[in-house]
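One structure below.
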């Protein structure tokens, strides 16, 4: 593949390298913040439920699990159109609309009173957020050459562990609103604010930033390098030319959208992602409840412990993204984290009664279920481009994310029937193991030859 580099004997970075470096600083920070808030709005039910179920009769683990998962049915319906619009129309306009509507829907969860209302709002939240994640994955292909793409995806994806590190303590403080607690034998009452309880403020608090960031995305993001005033003409031309060269070098550019949807590799990637997401969201939505059930911990202790898994995930996700780009290898950078996650989920029930071992297992599982993502989302672009790639990324994400329904729903239902989380954890273990097996057998993403002139941005 031809690349644009600095002329022999010249000093300093080339126009392409300068453009690549600027793209990291100009594009990724805002997307990072947006994805962090999106994830908080999607997953904050795992913390809110700890007091929400006490205030709302009829809200048991089965209801919470089903409601947490029904989000993904709404998500499923609009994922593909959203990703195609990013490719064919305007990323900043699509992402702006998505963020404002999901922020409003997230805040609306604060007023639910019945399970049916909860299901409805979660479904609408899924509709509102649909297209954001695959849209960003597609959008990054407009800015980052293949040599940088996994690293850029890793920097985007670490928004989730960073959010999971920061948000529990914030949500914990909000949950105290309207509650009574005893500390050192002294009873303390925390009054309600504006007639609303703490779990309601959790939803409102995390919904507001999405609306604000939606406006920022519209005004600050640029759809493509040619629109960016912060790139010099030479930098814009160099980056656009490099991206165009990469598109024409792959046969996928001649594939239609329908052909891509029927491609066997696409179908296997959908199944692999479905199985991994089943494990990921099953664990995330119920980890606080598992720790509370197994060890009778108080809310303060739980919110400290659930910070540890994303701390490890933050490090491993960045390492996987960096190392995958360094070696230009995607397959084992996807397979190994998934395999370790499946092993840890299978061992977790055996550690009940030993808090340190339990937390260690969940840390490994959580890290594996996060760190495979940058390498995995580089796989579709190995054989697809343009609308075929955009639509396929949306398809993989929309169908695969239905696993986000089955994971929490099955775990919650099994717990309600058996009174134990053990069976549900083994279900998650098997599901993630199937994902690893598919990636192994698929064989996509083996190590590429590294060009002699490859040089990452400083």
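Bear in mind these aren't lab numbers, they're just calculated from the coordinates by the rules spelled out. Since this is a predicted model, take the numbers as computed values, not measurements. Cβ sites come from the backbone with ideal geometry, for glycine too, and all protein chains shown count toward neighbours.
Determine the gain in length on full extension of the stretch residue 322-residue 193; use 0.36 nm per residue of separation and subtract their C-alpha separation, reporting nm with one decimal.
41.9 nm
So what is the 222 nm mean residue ellipticity for the chain from helices alone, if each DSSP H run of at least 4 adds -39500 (n - 2.57) and you divide by all residues, rounding to the nearest 500 deg cm²/dmol?
-24500 deg cm²/dmol
What spacing in nm lies between the two simple spin-label points modelled at residue 226 and residue 357, each 7 Å away from Cα in the Cβ direction?
6.1
I want to verify the translational diffusion coefficient of region 157-203 in µm²/s; compute it with Stokes-Einstein, Rh as the Kirkwood radius over Cα pairs, at 10 °C and 1.306 mPa s.
This corresponds to a translational diffusion coefficient of 133 µm²/s.
Where q = 0.09, 0.13, 0.21 Å⁻¹, what log10 of I(q)/I(0) comes from the Debye formula for region 24-128, counting one point per Cα?
Result of the Debye calculation: -0.26, -0.52, -1.10.
For region 316-389, I need the span (max minus min coordinate) of the C-alpha atoms along each principal axis, in Å, sorted largest to smallest.
So the three principal-axis extents are 52, 24, 15 Å.
Once label points are set 7 Å from the Cα along Cα→Cβ at both residue 26 and residue 420, what is their separation, rounded to one decimal in nm?
Placing both labels 7 Å along Cα→Cβ, they lie 5.8 nm apart.
Angle, helix 91-108 long axis vs. longest principal axis of the chain, Cα atoms, 0 to 90°, nearest 10?
For helix 91-108, the angle is close to 0 degrees.
Å³ per residue of the Cα convex hull, for region 69-204?
So the per-residue Cα hull volume is 126 Å³.
Hey, what angle do you get for helix 403-418 against the long axis of the chain, alpha-carbon based, 0 to 90 degrees rounded to 10?
Helix 403-418 sits roughly 20 degrees off the main axis of the chain.
Provide 90, 371 in ascending order of the number of other Cβ atoms located within 10 Å of each residue's Cβ, fewest first.
Ascending number of Cβ neighbours within 10 Å: 90, 371.
Using the eigenvalues of the Cα gyration tensor, what equivalent ellipsoid semi-axes result for the chain when each is taken as the square root of five times the eigenvalue, whole Å, largest first?
Each semi-axis is the square root of five times an eigenvalue, giving 38, 24, 20 Å.
Sorted by mean Cβ packing within 10 Å, highest first, what order do the peptides 141-151, 168-178 take?
Final packing ranking: 141-151, 168-178.
For the chain, take the longest principal axis of its alpha carbons; what is the angle in degrees between that and the long axis of helix 264-295, to the nearest 10 within 0 to 90?
30
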